[in-house]
Amino acid sequence: MLKHIPKNLSPELLKILCEMGHGDEIVLADANFPSASIAKRLVRADGIPAGELLQAILTLMPLDQYDSENFLLMEKCAGDPADTSVWEEYQTILHAAEPQAKAAFLERFAFYDRARQAYAVVATGETRQYANIILKKGCVLE
């Protein structure tokens, strides 16, 4: 057993986070995202909400302080009436962990293209639409 490791981070996900280096990206994908067809490395986190995983990951992994696109959300498609209040939850989690960081947005297909290049994709149990996030790993400065 290890102390202070969030219980919702599986051994497989912890291994992925440890393997990642500065500039590598990880996707937290909602349940509708085509995770299996996009991922180089797929981690299943079925049943776990993306916000819960985001909070846990940000306790361990710093975001890239040199890139303003270190926290990317999928932009809502024009005319889509979907509720995007999940973004407010993400902003709260982000600012608690990384007060200087700001969310940026990518158009849907640009997001898919970027996700294909990510080190790993985590398929969460998140059912809210537009709940996909790309995180770019930074350096531990302490």
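Out of the residues in the stretch 15-30 meeting the condition of being surrounded by fewer than 17 Cβ atoms within 10 Å (Cβ to Cβ) and touching a residue at least 24 places away in the same chain (Cβ under 8 Å), tell me which one is nearest to Gln117 (Cα to Cα). The residue in question is Gly23. Here Arg41 meets the list (1) out of contact with any Ser or Thr (no Cβ under 9 Å at 6 or more places or on another chain); (2) of a type in the set (D, E, K, R); (3) open to solvent by less than 50 Å² (accessible area, probe 1.4 Å) almost entirely, failing just condition (3). Take Ser10 and tell me if it is hydroxyl-bearing (Ser, Thr, Tyr) and over 14 Å from the mean Cα position of the chain (by Cα). The answer is yes for Ser10.
The values are calculated or read from the model by the stated rules, or taken from the named source; none is laboratory data. Source: prediction; values computed, not measured. Here the Cβ is made from the backbone with ideal geometry for all residues, glycine too, and neighbour counts use every protein chain on show. We work out accessible area using only protein heavy atoms, side chains counted, and drop any ligands, DNA or RNA first. Shrake-Rupley method; radii C 1.70, N 1.55, O 1.52, S 1.80 Å.
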